[in-house]
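Novice: Next up is a structure, given as structure tokens.
Read-outs: derived from the displayed coordinates by stated rules, not from any lab. Only a predicted model underlies this, so the values are computations on that prediction, with no experimental measurement involved. Here the Cβ positions follow ideal geometry from the backbone for every residue, glycine too, while neighbour counts run over all protein chains shown.
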Amino acid sequence: MSRSAPALLKRLDVPAAVALSLLVQTIIALLAASIPVLAPEIATDRGWNVDMIAFYAPILYLAAFFFSFQIPRILQQLGGMGLSLLCLAFSALGLLCLLPPSIALAVAAPLALGAANGGMNPASSQVLGPRTSARNAGIIMSIKQTGVPLGGMLAGVLVPILVLRSGWQGAVLSLAGASALAAIALLPTVRWLNGARGSGQLASFRPLEPVKRIWAMPGMRSFIAAAMTFVAMQQCLRSFFTVYLVSALGFSLTTAGLAFGASQGAGIVGQILWAFAADRLIRPHAVMAIIGVVMSIAALLTATFSSEWPVTAIVAVAMLYGLSAAGFIPVVLGEVARRSAPGEVGALTAGANTYLIVSMLVGPLVFGAVASALGYAAAFTVFGMLSLAGAAIALPRAFLRNLAATGKSADRRTARGATDIEERLPR
């Protein structure tokens, strides 16, 4: 029994680390997604303009962007699980900032939640990265990453129930309390989860060094550039898809919600599907290229929507859209984990995350500007072509060289064939 215990603990190490990272990711996503759900209730109670919620996402992503530069230092001090618990504390604090009747304090909510969301991926990558191999890095990251759509789905279901039972203040206290209790309950796991075999001493980085390092890695420049175009499309799906169906095409909110929910459900499937393909079947760059093509097709089909489209067809396109636009992040996280030393995974994930956050900020602004000037169909078309460009950027250089060589070889064969025909013709 005593001999088998260490072996059992070793076998449970990775599943337990994944499960706890998934739990933390889900709670953080739940609290971040709860504020837009609570916004109408808070605005009515306080007499605030509900349109102020439009500033929530930009402030959140700005906070995540600036917090990303501090993550390497925090990781060195607290480790991956320590940072995860800090993110839970930030999330709870962010919600509690909504309770006092002060707009200034309410602005602090997206700042704290932005720090939590900016820190979560690097934190979990530092916990899970040393526990992965080249054959399962993406799959492990994809399971953890399903916490993002799962948290969003829970916010849509759970928060209205809490509001009905105890008002929006009671809902805030319940959610913040759950996050704080989770952080306290997980404190005993910090030493274990920070101590993965082979992780060693976490590397020391200056604030901008991970951003430069990830960009300088062979092959990662095209990978990150493609991911930036994809994440812009992902944010536009989340921000504008429902509005497009309701405001521009006249569908009911129920139909739009059904289509959007289907897209998020397909995104969960896509996260695991694409990660498995990148781990076991084909090169990650090729997987990213395929995702970009699928995303472009979905965006271009979305641009052709009209009020005459059947709901089943719209839901099918939404699922295709979600399968690609909501499913690629684990491929990025897995590739960073594969290319990083165990003690550098979290910091370099923060570097990659910094590029993606820029697209999260800029993408919806550009999409909104195009939609205002030319309409939603034009905006989805433009971003569909942008995703196609991302797919082309992601293609491995070796594939492009082989393609070019094949073309030249075909040209030479054609030229030789033409010469042979000329020689055989009577003069």
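Novice: Using alpha-carbon pairs under 8 Å, 6+ residues apart, how would you state the relative contact order of the range 204-421 in percent?
Specialist: Worked out over the range 204-421, it gives 36 percent.
Novice: How do 73, 165 rank when sorted from fewest to most other Cβ atoms within 10 Å of their own Cβ?
Specialist: The most exposed by this proxy come first: 165, 73.
Novice: While we're here: Please say if the chain is rounded, prolate or oblate, where rounded means a/c under 1.5 for a ≥ b ≥ c the square roots of the C-alpha gyration tensor eigenvalues, and otherwise the choice is prolate for a/b larger than b/c and oblate otherwise? Intermediate results must be reported in sequence, preceding the final value.
Specialist: On the way: a/c = 2.12, a/b = 1.28, b/c = 1.66.
Oblate, because a/c is 1.5 or more while a/b does not exceed b/c.
Novice: While we're here: Take the chain, connect every pair of alpha-carbon atoms lying under 10 Å apart with a spring to form a Gaussian network, then pick out the residue of 298, 352, 216 with the largest mean-square fluctuation.
Specialist: Answer for the Gaussian network model of the chain: 216.
Novice: As I understand it, the value is the acute angle between the Cα axis of helix 376-394 and the longest principal axis of the Cα atoms of the chain; what does it come to in degrees, rounded to 10?
Specialist: 70
Novice: Compute the acute angle (0 to 90°) between the alpha-carbon long axis of helix 220-243 and the principal axis of greatest extent of the alpha-carbon atoms of the chain; round to the nearest 10°.
Specialist: 60
Novice: Take 157, 317 and order them by how many other Cβ atoms sit within 10 Å, fewest up front. Mind showing how you got there, number by number?
Specialist: Details: 157 9, 317 22.
Taking fewest neighbouring Cβ atoms as first place, the list is 157, 317.
Novice: Is the range 157-292 best put as rounded, prolate or oblate by its Cα gyration tensor, with a ≥ b ≥ c the root eigenvalues, rounded for a/c under 1.5, and otherwise prolate when a/b is larger than b/c, oblate when not?
Specialist: On the way: a/c = 2.21, a/b = 1.16, b/c = 1.90.
Verdict is oblate for the range 157-292.
Novice: Where the only charges are on Cβ atoms (+1 Lys, Arg; -1 Asp, Glu), what is the dipole of the range 7-196 about its Cα centre, to the nearest 20 debye? Walk me through the intermediate numbers first.
Specialist: Details: 9 positive and 4 negative charges, 144 e Å.
So the magnitude is around 700 debye.
Novice: Rounded if a/c is under 1.5, else prolate if a/b is larger than b/c, else oblate: which is the range 204-421, with a ≥ b ≥ c the root eigenvalues of its Cα gyration tensor? Spell out each step's value before the answer.
Specialist: On the way: a/c = 1.99, a/b = 1.19, b/c = 1.67.
It comes out oblate by the Cα gyration axes.
Novice: Also: Restricting the calculation to Cα positions, tell me the Rg (one decimal) and the Dmax (whole number) of the range 7-196 in Å.
Specialist: Spelled out, the Cα radius of gyration and Dmax of the range 7-196 are 17.0, 60 Å.
Novice: Right, next: Net charge near residue 132: determine it from the other residues with C-beta under 10 Å of the C-beta of residue 132, scoring Lys and Arg +1 and Asp and Glu -1. Walk me through the numbers on the way to the answer.
Specialist: Numbers: positive: 131, 135, 338; negative: 279.
Value of the local net charge: +2.
Novice: Among 76, 104, 312, which residue has its Cα positioned farthest towards the positive end of the charge dipole of the chain, with +1 placed on the Cβ of Lys and Arg, -1 on the Cβ of Asp and Glu, and the dipole taken about the Cα centre?
Specialist: With unit charges placed on the Cβ atoms, the residue in question is 76.
Novice: Count charges around residue 167 for me, please; just the other residues with Cβ under 12 Å from its Cβ, Lys/Arg as +1, Asp/Glu as -1. Before the final figure, lay out the partial values.
Specialist: Details: positive: 165; negative: 41, 45.
Result for the neighbourhood of residue 167: -1.
Novice: Here's something else I'd like to know. Running a GNM on the chain with Cα contacts under 10 Å, which residue among 92, 256, 16 ends up with the highest mean-square fluctuation?
Specialist: Most flexible of the set in this elastic network: 16.
Novice: Return 395, 31 ranked ascending by Cβ neighbour count within 10 Å, so the fewest neighbours appear first. Don't jump to the answer; show the numbers that get you there.
Specialist: Working: 395 19, 31 28.
With the sparsest Cβ surroundings first, the list reads 395, 31.
Novice: So, one more: Given an 8 Å cut-off on Cα distances and at least 6 residues of separation, report the relative contact order of the chain as a percent. If you can, show how the numbers build up before the last one.
Specialist: Working: 645 pairs, mean separation 99.1, N = 427.
Value for the chain: 23 percent.
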